[in-house]
Structure formats: structure tokens, C-alpha cells
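Novice: Shown below is the structure under consideration.
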Amino acid sequence: MTMTQQPHHRRRPVTVLSLLLLVMAVTLGPTPSSAAGTDWWNPVARPAPDSQIGVTGEPFKGTNSQGEVRGFVDAHNHIMANEAFGGRLICGKPFSEAGVADALKDCPEHYPDGSLAIFDFITNGGDGKHDPDGWPTFKDWPAYDSLTHQQNYYAWVERAWRGGQRVLVNDLVTNGVICSVYPFKDRSCDEMTSIRLQAKLTYDMQAYIDKMYGGTGKGWFRIVTDSEQARTVIEQGKLAVILGVETSEPFGCKQVLDIAQCDKDDIDAGLDELYDLGVRSMFLCHKFDNALCGVRFDEGGLGTAINVGQFLSTGTFWQTEKCTGPQHDNPIGGAAAPSAEEELPAGVEVPSYDDDAQCNKRGLTELGEYAVRGMMQRKMMLEVDHMSVKATGRVLDIFESESYPGVLSSHSWMDLNWTERVYGLGGFIAQYMHGSEGFSTEADRTKALRDKYDVGYGYGTDMNGVGGWPAPRGANASNPVTYPFRSTDGGSVIDKQTTGSRTWDLNTDGASHYGLVPDWIEDIRQVGGQDVVDDLFRGAESYLDTWGASEGHKAGVNLAKGASASASSSESNPFTSYAPGRAVDGNADTRWASDWSDDQWLRIDLGSTSTVKRVTLEWERAYAKSYRVEVSTDGTTWQSVWSTTAGDGGLDTARFNGVPARYVRIHGLDRGTDWGYSLYEVGVHSS
């Protein structure tokens, strides 16, 4: 998105009336609503003064005729990002006990004219100057291209809920390196300290809204920790809020000069703590390579700046290699980022990269795999956006081997060539909050896959996420949003949104804050048609399907573990054994290895006949390019149930219709290397 410089205006003096209103709001607290006690969706008392909502009509409740919940899902938002990065990068708060004037005010260093709004002019160009006043004028912010001002004021989130949204994922976010290099901060840069604070404040925001509605549990903003709880909340017509985590060094798992700064105990303790906080989805890496996984690069000058941060965090720059499949990471742009590069030690420069090497060398590490499996054990959902394709491929291999559905792509940072594998697992995909034309085009491109897997769609607004949001299409567009308009369910009327003395119009202001999400959805309907909106309206159900299936997942019994095994040959070594039984001993550090020739096999005797539907194979470097999975009930007559001629090693999962078998044979036909065939572990499953 092209950023435009906001005009500079002098601060306006605060009037005596404004001061009196503010004092009254702080002193007297919430004031009765005109609809108190009659309409459940209106508060018993709301602070005054405060933002208007601009929506009338009762929010829909219940389920559709198929028993499915209805509503939109924002799979990626950052309500509390103002507490991240040292607390002074995103200015303003989503709520304040002192009222809207306290919540929606700029950072201290932005006064009087934005001259010290350093991150503003880094991200938006120009000199960063702007009118810092928020309430009540909002002359220059929030705006679709202002990346440093609060967009998630609670009343704006309320408008999105009133407009049909029923799921919101609040990703607790921060970055210790950005915090450390940004000159303005008023708190620790420790990532987990910030995550804990943001979680607490999300619960505080729930209590703040509850108080308006008469007490605990009565508000529309409901934090949920399991899918059934979420369904109940949505059926009541309220907003289900799920906590996620997006940070670069979770559990302190950074790596310095390729040496991990955490261990398995740190990961277990970290996952347990996050789970106890209510977190149910998370990223394992974000922006910088860490001890768990490599990242999908950023492009251009931003990519250069983040690569500098990568060096400052890890002591190494990103390293690339040629991609081995159709998936690739973002190209690292050669654009300069002078303000960031000044942070490098003398004599250190950002390296140049080959144009044909667009994949991060770093994939999922051993500790990363441990964390992935730890999340599976806790029934948590894993975000693969921001993971390198090498790491993502391994995650999908692991999930496929275990039939685990809990994979999310929440804001268009996954290579789209993974889409069908995610849907095949039962995962959920949301698109970044692009402009209505681009969003509709991408939605149309993936429509056939959604129909094939019978799933809904989502959006990830990433608000407060320093990403940029849809620009205005203009009042002269052939198909503008016409106010007022009906909500997707037809039960509410949505008019322009007003906060203080400022009224926003999506046609001329773009998606400036969260309250304009319903307007943006109406814009999508105008541009992309009702089918796109209908798929989005099924988003809440599909997200909860993925979550519920993750909660209900049970580790399958491995029929091959400890079974008798034989092979066509075994490599001879005076120091260790590569006998056939090493591939079924349950130890991932041992392996079977064949002689160095093509036609070789490993046979497993399950001991009795069982229905077999899935075979998993963990290859050592000596893998099969072409091989078959064969089954037999008597050990003599064999049936091929699965085969490939495009094996690439790693972790393979062979799925097929259930067949009775006592014996399973892996038959290697063509080697992928000059060595033989070598398997760390083979699993045989009935499900």
C-alpha cells in the first residue's frame, strides 16, 4: 500500500465545556442508556461522553436450520498492541475507566505537532507531522494509513459485533528487538511480560463492558477457552473472543549464532502458562528466525529493516537457498533502510541475495517440533503464517501423520500453494483485510476449494498490527457503499459511524478503524457479490469446526510399534545396528538402513489382522523417490494400496481406503540418493 502524508494542523484548545464533560464522566461514571432494561444488546449504562455505534436493530441469535452458528470471524487482530513494543508505538487504548478522552489520546512525544512521531515517518513517509488530538476532533487519526494510532476502541469493536461479527481472535503481540531500538518506551521489553499484561487487560476489558450491562457475564464481549463455550456465546448473539499469541521469541526461545537460548523444559513451562492464561492459538515464529523455526521473509525496504533486526536479535542475517517445490518465501528486497542499517555495528552490512534463492534455509528445528507436538498435546491451534515454507511443510507433514486438524492461516502470510493441504486437514484460512477488489478477487480464486471442502472463509484485520488497511475507493465509485444499509442477516440497519465530532464514511475515509468492518463487508458485497459475503458469514462455524476437531483429536494407536520386522537387506556397520526392528522400536534416533541398491523392502508383521488406513514414514537422508505401500493378510499375496514416484524424504503419510492386513510392506523402487533406503520410524494406523 502506498502511504500518504497526513496534513499537519495545530492543536485546538480544549473548551471549558469539554473539560466539564470530561470531569462529569470521570466523577459520575456511566450514565443510563435511553434503552436501559428494554433491549438486551444496549447497555444499562454507558460512559458519557462516548463514541456512537451507528447500528440499530437486535443482533441475531441462535443457529441456522442446519444447527450451525452464523457470523463473521476476524481471525487476526491486536486489541492490546498499545501495550506492546515498550508501550509507546501504538498510541491510545481500547478502553479507559477515565473515559474516551483518556483512551483516545496520542502518545506524549507526538505533541504538539507529531515532530517526534518517529515510527510515523518511518512507516508513512514524510516527516510524521500530524494533529495529535484524538477526542473529540480526530482530525488526522485514526486513518487507514496511520499505523501508530489505536484502531480497536471498544465501541468500534462493538459496532463490528453489531454488524454481524461473532468471532474475534485477539493475538497478544510484541517484539523485544523493536522495543529495544525504539527510543520511546515506558516498560520492559521482555516479550512474555508484555504478553501477560495484554492477556490481563483483555480480561479487564471484558469486565469493563460487563459493568455497562449490569454485572459479570452480562456483556457482549466474552472471552472463551473452548469451542463449545464459543458456540454458546454465539448462540446468545454475543462475540466470542479467543486469545492467541504472535511474538518473535516465545518462551525466550531466541537463538544466538544458531545456539538455542531455551530448552524443552522452557517450552513446556511456556505452553502451560499460556494455556492457563486462556491462549488457544499461537505463532511459533514471527519476523525473526528463532530457536523453533525460520520465518517467511518480508520484502523491500521493510524486509531489509527486519533483516537488520534479525541480526541484532540472533547475530546472523537471513540465509536463503533455492526452493525445492512450488512454494517459496517472499523475496528479500534489495531496497535500503538507512535508519535501520545505522543500528548495525561498524563494518557489518546486510548481505545481497540471489534472485533464484527465495527459500529460508531454516525450517522447523528439533525444539520447534517439540513445541508443535506440545501444542497438539494441549489441543492448541498452530498459526503457520510467518513460518518459512520449509517449516510449514514440516508442520503439515506432522499434522497429516497424526490427522491433527489444528492449523490456521489467519492473514495471508502463508504460501497459497499450501491451501488445499490446510483444508484437507480440516484447518481454517482467513485473508488479510485487503481492499474490496483485491479481497474479492482472491476469494474467487479459492472458492472452488472452499466448495470442495464445504468450509467458510474469514478475514484477518490485523488492526493495530502496523500493516495498512483498505484505502477509500472514492465517492465517485460506480458502486459505493450507500448509507444506511442492512446487515448481512437483514436484522440491523447500519449507518455512518460517529465518534466525537468526526463521522467516517468508508467511501472517502477507507477502513480507518475497527468500527468500519461492517462497512468494508458491505463494500465487498458491492464489488465481489453476495457469494463472497455468504462464505464469510459461514466463517464462525468453520473456525469452530477446526477448533472443536482439535479438541476432540485423539492420538492414534501405532499398530507397528514393537512389531516383528524383516527386510530384504540391512546395512552392515561394526558400531551400530541398522536391523529392520529399529524402524518400529518407537525410538526416533534409531533406524533401519538397506543395502545400496534400488529394489529393497521392509516388512512389518502386526501380529493379527486389522483394518489399516494410514501409514507414516519418517525417512533419514537416504530416502525413496519411488516406492509402494503394500499389504497382505497371509504374507504371500500382496496388494499395493499407495504409491508415489515423487518422494522427497522427510515425513510421509500414505492414506488409503481401509483394508484388512496383518502384514505391511514398504517397497522401495527408486532411490532418491546414492545410498540405500533408510527409515527412522514407520507407523501403521487404523484411522
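The values are calculated or read from the model by the stated rules, or taken from the named source; none is laboratory data. Predicted model, so just to flag it, every value in this text is computed and none were measured. So basically every Cβ, Gly included, is an ideal-geometry build from the backbone, and we count neighbours across all protein chains shown. Remember, those area values only see protein heavy atoms, side chains included, never the ligands or the DNA or RNA. Shrake-Rupley method; radii C 1.70, N 1.55, O 1.52, S 1.80 Å.
Novice: I need the calculated FRET efficiency for the pair ARG373 and ARG421, taking r as the beta carbon distance and R₀ as 25 Å, to the nearest 0.05.
Specialist: The pair ARG373/ARG421 has a calculated efficiency of 0.85.
Novice: For the chain, what is the calculated [θ] at 222 nm in deg cm²/dmol (nearest 500), taking -39500 (n - 2.57) for each run of four or more DSSP H residues and dividing by its residue count?
Specialist: Details: 19 runs with 190 residues, N = 687.
Helix contribution divided over all residues of the chain: -8000 deg cm²/dmol.
Novice: Past 30 Å, Cα to Cα, is the threshold; run LYS211/LYS264; LYS322/LYS561; LYS452/LYS554; LYS361/LYS447; LYS264/LYS447; LYS218/LYS554 against it and keep the listed order.
Specialist: LYS211/LYS264; LYS322/LYS561; LYS361/LYS447; LYS264/LYS447; LYS218/LYS554
Novice: What does DSSP give for the chain in terms of the percent of beta bridges that are antiparallel, rounded to the nearest 5?
Specialist: Percent antiparallel among DSSP bridges in the chain is about 65.
Novice: Related question: Run down the lysines and flag those whose C-alpha is under 23 Å from the C-alpha of LYS496, throwing out any fewer than 8 positions away in its chain.
Specialist: LYS93, LYS105, LYS139, LYS238
Novice: With +1 on each Lys and Arg Cβ and -1 on each Asp and Glu Cβ, how big is the dipole of the chain about its Cα centre, in debye rounded to the nearest 20?
Specialist: That gives the chain a dipole magnitude of about 1560 debye.
Novice: Among SER512, PRO183, PHE85, pick out the residue whose Cα is farthest towards the positive end of the charge dipole of the chain, where Lys and Arg carry +1 and Asp and Glu carry -1 on C-beta, about the Cα centre.
Specialist: SER512
Novice: Per residue, how large is the accessible surface of the chain? Use a 1.4 angstrom probe and give square angstrom.
Specialist: Heavy-atom accessible area per residue stands at 39 Å².
Novice: Per residue, what volume in Å³ does the convex hull of the Cα atoms of segment 484-538 enclose?
Specialist: Measuring per residue, one finds 83 Å³ for the Cα hull of segment 484-538.
Novice: Here is a further query. Tabulate in residue order the Karplus-calculated ³J(HN,Hα) for segment 611-618, using 6.51 cos²θ - 1.76 cosθ + 1.60 with θ = phi - 60°, rounded to whole Hz; enter x for Gly and Pro.
Specialist: Values per residue, Gly and Pro as x: 6, 10, 10, 8, 10, 10, 9, 9 Hz.
Novice: For the chain, with the dipole built from +1 on Lys and Arg beta-carbon atoms and -1 on Asp and Glu ones, taken about the Cα centre, which of THR609, GLY647, GLN526 lies farthest toward the positive end?
Specialist: Selected residue: GLN526.
Novice: Across segment 517-528, in residue order, what do the Karplus-derived ³J(HN,Hα) couplings come to in whole Hz, using 6.51 cos²θ - 1.76 cosθ + 1.60 with θ = phi - 60° and x for Gly and Pro?
Specialist: Per residue, the Karplus-derived 3J(HN,Hα) values read 4, x, 5, 5, 5, 5, 5, 4, 4, 5, 8, x Hz.
Novice: Can I ask one more? Assign unit charges at the C-beta atoms only (+1 for Lys and Arg, -1 for Asp and Glu), then state the dipole size of segment 547-687 relative to its Cα centre in Debye, rounded to the nearest 20. Each step should come with its number before you reach the end.
Specialist: Values: 14 positive and 17 negative charges, 93 e Å.
My answer is approximately 440 debye.
Novice: Using Cα centres only, tell me the gap between segment 589-609 and segment 530-578 in whole Å.
Specialist: 21 Å
Novice: Accessible area of MET212, 1.4 Å probe, to the nearest 10 Å²?
Specialist: It works out to around 10 Å².
Novice: What is the dipole size for segment 352-405, taken about its Cα centre, with +1 at each Lys and Arg Cβ and -1 at each Asp and Glu Cβ, in debye to the nearest 20?
Specialist: 340 debye
Novice: Suppose each label sits 7 Å from its Cα in the direction of the beta carbon; what would the LYS361-THR63 distance come out to in nanometres?
Specialist: The answer from the label model is 5.2 nm.
Novice: To continue, here is another question. Computed FRET efficiency, Cβ-Cβ of ASP599 and SER686, R0 22 Å: what is it to the nearest 0.05?
Specialist: Working: r = 29 Å, r/R0 = 1.33.
With a Förster radius of 22 Å, E is 0.15.
Novice: Which of the listed residues, HIS328, TYR370, GLY460, is farthest toward the dipole's positive end in the chain, when Lys, Arg count +1 and Asp, Glu count -1 at the beta-carbon?
Specialist: With unit charges placed on the Cβ atoms, the residue in question is GLY460.
Novice: Using packing as a proxy for protection, rank 239-245, 259-265 so that the peptide with the highest average count of other Cβ atoms within 10 Å comes first.
Specialist: Most protected by this proxy first, the peptides run 239-245, 259-265.
Novice: What distance in nm separates the simple spin-label points at TRP40 and ALA336, each placed 7 Å from Cα in the Cβ direction?
Specialist: 6.2 nm
Novice: Could you give me the ³J(HN,Hα) list for segment 565-573, computed from phi with Karplus coefficients 6.51, -1.76, 1.60 and θ = phi - 60°, whole Hz, x at Gly and Pro?
Specialist: 9, 9, 8, 5, 6, 9, 4, 8, 8
Novice: Got a number for carbon plus sulfur as a percent of the chain's accessible area, 1.4 Å probe?
Specialist: Ligands and nucleic acids excluded, carbon and sulfur reach 50 percent.
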